Amino acid sequence: MLIGKWKPIESAVLGLLAQRPAYGYEIARLLRAGGFGEVTGGTLYPLLRRLEDASFVTSSWRDSDDGPPRKYYEVTSAGREETARRKAQWEHIRRAVDDVFEVTS
Amino acid sequence: MTHSDWIDRLVVALRHRGVDGERVGELVAEIEAYLRDSGSTPDSEFGDPADLADQLVGRAGPEPKSQLRLGVFVVASSIAWLSIFGLLGAGEDGRVEVTVGLLVAVTLWTLGMAVFFVWIMRSGGRVWEGRERPRPRIQIGVFWVVLVASVVAFVVLPQTELFDLSNTVLWALAGISISHVIAESIRQARQARLSVPPAASPHGEGLIGRWTGIARLRTGWRLGREAYRDVDRTE
């Protein structure tokens, strides 16, 4: 089933990184601000590793303006394609759920 | 669990799963950076170090390649020692008679010890991580069974000579196996040495140049003591 495979947090991380590179804690902070609740490091880092293994993101250590160096993640071209694919999947899911609510309301 | 204890356990868990020192150092530096930004503790943010290691590496326990390497290492060590004993015990003509009993005994001992140490490697990690109950009596028992079976095979089986080994062959066997043992030990030591990317060096305090072998021994000793503390009461 499509919705079971959509992986909301993973898709949200891809979407955030498609906008601009970010480091681990910044990603968690943006997810929290976006309404995804508390995403711990224990959830985030395995997810980032899976995205890196799939070549959807790359990482590099960079100097930071406000503190010590951090490891930034940014999306690759394959990652941008995957983000577009997941966005299309989300539109499909959203329409299906909207249709169900229209029928039942 | 203190911060440094948690980091030590993560380092040990990652090394047990065959992650090399360079990658371990980078992962730990990244986690340290995250914890500095979030202000939280490693326990609350990342949970159990062994579970995190499973998710980061994609499996639990040592990879098959590590187990095979250990098995080959033990076989090479056994052959080295047996070759040296053979050289010391060779007859006046400089040859060692290999009988049925001796061949079976040597094979039993060499392969038995290889399997035994690979089992200890897999089981030890799980015991340290609290995922398996320690069974020291069974482990000691298996060691003695292999030893006694080898001795019994040597004594009981026919002393019919199959072939003999010259000093040259024994020297060659000793040389090859000792070379392998030394090369593998150096390789393991190099792979275990933590390093941190230069850009991440602020997060690598206490990590750069650190030998994971020491962390593994220290943490393993502590975890082993905790795990084995109640064995006598429960067995």
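The values are calculated or read from the model by the stated rules, or taken from the named source; none is laboratory data. None of these values were measured; they are calculated from a predicted model. Cβ placement follows ideal geometry from the backbone for every residue including glycine, while neighbour counts extend to all protein chains displayed. All accessible areas refer to the heavy atoms of the entire protein, side chains included, with ligands and DNA or RNA removed. Shrake-Rupley method; radii C 1.70, N 1.55, O 1.52, S 1.80 Å.
Scanning the range A:66-105 for residues that are in contact with a helix residue (DSSP H, G or I) (Cβ under 8 Å, 6 or more places away or on another chain), open to solvent by less than 90 Å² (accessible area, probe 1.4 Å) and closer than 29 Å to B:P197 by Cα yields A:G67, A:P68, A:P69, A:R70, A:K71, A:Y73, A:E74, A:V75, A:G79. Could you check, for the range A:54-63, whether at least one of its residues is surrounded by fewer than 18 Cβ atoms within 10 Å (Cβ to Cβ), within 14 Å of chain B (Cβ to nearest Cβ), charged (D, E, K, R) and closer than 13 Å to A:G24 by Cα? Yes: the range A:54-63 contains one or more residues that are surrounded by fewer than 18 Cβ atoms within 10 Å (Cβ to Cβ), within 14 Å of chain B (Cβ to nearest Cβ), charged (D, E, K, R) and closer than 13 Å to A:G24 by Cα. Counting only residues that are open to solvent by 90 Å² or more (accessible area, probe 1.4 Å), within 30 Å of B:L14 (Cα to Cα) and touching a residue at least 60 places away in the same chain (Cβ under 8 Å), the range B:136-164 holds 1 of them.
Go through the residues of the range B:19-28 one by one and say whether even a single one is within 14 Å of another protein chain (Cβ to nearest Cβ) and among the acidic types (D, E). Yes, some residue in the range B:19-28 is within 14 Å of another protein chain (Cβ to nearest Cβ) and among the acidic types (D, E). Please go through the range B:1-21 and pick out each residue that is within 27 Å of B:L68 (Cβ to Cβ) and either touching a strand residue (DSSP E or B) at 6+ places or on another chain (Cβ under 7 Å) or open to solvent by 50 Å² or more (accessible area, probe 1.4 Å) (or both). B:R9, B:D20, B:G21, listed by residue number. Considering the range A:32-59, and only residues there that are more than 12 Å from A:G79 (Cβ to Cβ) and among the aromatic types (F, W, Y), the residue that is modelled with the lowest pLDDT turns out to be A:F36.
Taking B:R122, is it part of a loop (DSSP other than H, G, I, E, B), open to solvent by 80 Å² or more (accessible area, probe 1.4 Å) and either hydrophobic (A, V, I, L, M, F, W, C) or out of contact with any Ser or Thr (no Cβ under 6 Å at 6 or more places or on another chain) (or both)? Answer is no for this residue.
Could you run through the range B:31-49 and say how many residues are of a type outside the set (G, A, S), open to solvent by 40 Å² or more (accessible area, probe 1.4 Å) and facing chain A (nearest Cβ under 8 Å)? Steps first, answer last, please.
Keep residues of the range B:31-49 that are of a type outside the set (G, A, S), which gives B:31-32, B:34-37, B:41-43, B:45-46, B:48-49.
Cutting the leftovers down to open to solvent by 40 Å² or more (accessible area, probe 1.4 Å) gives us B:32, B:36-37, B:41, B:43, B:48.
Now restrict to residues that are facing chain A (nearest Cβ under 8 Å): B:36-37.
Residues that pass the stated criteria total 2.
For A:G79, the stated conditions do not hold, so it cannot be described as within 15 Å of the chain's Cα centre (by Cα), away from chain B (no Cβ under 14 Å) and on the phi > 0 side of the Ramachandran plot.
For the range B:210-226, a residue qualifies if it is open to solvent by 20 Å² or more (accessible area, probe 1.4 Å) and modelled with pLDDT under 70, and the qualifying residues are B:R210, B:W211, B:G213, B:I214, B:R216, B:L217.
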